[in-house]
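Asker: I have a structure here, written as structure tokens, and I will follow up with some questions on it.
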Amino acid sequence: MSRSIARDIFVLPANLWRRWIPSLTFDHGAGWRAAFAVSVLLWLGHERHDPLFAWAAIGAFWTCLVDPAGTRRRRLASMLAFAMVSAICGGLMAYVAGNGPVPTALALFGACLLAGLASMRSAATYQVAILSATACVVMIDLPYHDAQHVMHLLLTYLLGCALSVLIAVSAWIWPATTRISVSHPKMAERHIATRHALRLALATTAAFVAVRCLQLPFGYWATMATLLILQPSRNASLPRMAERALGTALGAMIASAIGLLIHSPTGLVLAVFPLVGLAIAVRRINYALFVVFLTPSFVLITDFALPASEVGYAMTRLGNNLLGCLVAFIAMQLVWPRDAIAGSAA
């Protein structure tokens, strides 16, 4: 195992260099649409003095992420499927979370296992499954105590999803492109997908347990990092882990700088617009660049929902993401470390 770790450390810089210097072809249309949807929802929340609109903004962003491009029918099917599955599963997870950590851990394991098994299907299906599992991870921090509050939150979340779907399929704000010229790795074979699903479920549940034991604020950022890093192949997972860590560090610096310079809610909404647009525009091109812009976007959205210190939120997100990276790395070394199929498309 030590020889394997040494080899990973040796080849990682070369892999990162190739990933950080892509032929940049930005998805301008998707970026504009996402930036518009998220910013409008945050502005409405500010005008209505309703911080729950941050969840509408999150729903809009995630729905834009699952937009597979291509035909209008294909895009509509993927985005609507995500909206409904993530809302239903997220609501169920909030209910389970109100019944204690053991049922929550078991439910999380099951959700991540099912998401991992989706790696046998198309790239679009896997993306819907992984982001729906991400919604479950987030909803764990909102345990079911008040049914009315949870329903209000889910309806607000679905409002954001619906706005993104409306903008995407109607092709207003910015016309939809057909498909960016980006290669998608082949999906996992059945036995590799099964191992990946088990590894993903074990690692994500372990991250959840670690977060609970350490009582970390916004601990779901760590659990999400583990969930989103692990791929069917360690050759795909290792660069993704490094990109996640490096991108989060750079993004945290950007978020801190914005927090020191901008102090009004209107200013934060204006700052979110280009960050979200850039994150979505580069999401199929380079994961590290995506995370660089993703991090300040969500730090500012968090500050919108719970006003505090952007610098504090940025450092918390960085620390939690590094913990999630560590858990993912340990899982790569311990759970079927020799799997070598080429990557997943999430």
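Asker: With the condition kept exactly as written, say whether any residue in the stretch 268-290 is free of Cβ contacts under 8 Å to residues at least 12 places away in the same chain and under 19 Å from Leu41 (Cβ atoms).
Answerer: Among the residues of the stretch 268-290, not one is free of Cβ contacts under 8 Å to residues at least 12 places away in the same chain and under 19 Å from Leu41 (Cβ atoms), which makes the answer no.
Asker: Give the residues of the stretch 294-307 that are over 14 Å from Ile262 (Cβ atoms) and open to solvent by 10 Å² or more (accessible area, probe 1.4 Å), sorted by residue number.
Answerer: The answer is Leu294, Phe298, Thr302, Ala305, Leu306.
Asker: A further question follows. In the stretch 253-285, what residues are β-branched (Val, Ile, Thr), open to solvent by less than 50 Å² (accessible area, probe 1.4 Å), modelled with pLDDT of 90 or more and over 14 Å from Phe36 (Cα atoms)?
Answerer: Ile258, Val282
Asker: For Glu47, which of the numbered conditions (1) among the acidic types (Asp, Glu); (2) modelled with pLDDT under 90; (3) more than 30 Å from Met332 (Cα to Cα) fails to hold?
Answerer: Condition not satisfied by Glu47: (2).
Asker: Looking at the stretch 38-54 only, could you name the residues that are buried (at least 19 other Cβ atoms within 10 Å of the Cβ) and farther than 24 Å from Asn286 by Cβ?
Answerer: Across the stretch 38-54, the qualifying residues are Val40, Leu41, Leu42, Gly45, Phe53, Ala54.
Asker: Something else now. Look through Leu153, Leu163, Leu106 and report the one residue that is aliphatic (A, V, I, L, M), surrounded by fewer than 19 Cβ atoms within 10 Å (Cβ to Cβ) and in a helix (DSSP H, G or I).
Answerer: Leu106
Asker: Open to solvent by 40 Å² or more (accessible area, probe 1.4 Å), under 26 Å from Leu166 (Cβ atoms) and not small (Gly, Ala, Ser): is that true of Leu114 in this structure?
Answerer: No: the conditions fail for Leu114.
Asker: Oh, and also: Specify which of the listed residues (Ala35, Ala81, Ala77, Ala57) is assigned to a helix (DSSP H, G or I) and surrounded by fewer than 16 Cβ atoms within 10 Å (Cβ to Cβ).
Answerer: Ala77
The values are calculated or read from the model by the stated rules, or taken from the named source; none is laboratory data. Please read these numbers as outputs of a predicted model, since none were measured by experiment. All Cβ positions, even for glycine, are placed from backbone atoms using ideal geometry, and neighbour counts span all protein chains on display. Please note that ligands, DNA and RNA were not included when accessible areas were found on the heavy atoms of the full protein model with its side chains. Shrake-Rupley method; radii C 1.70, N 1.55, O 1.52, S 1.80 Å.
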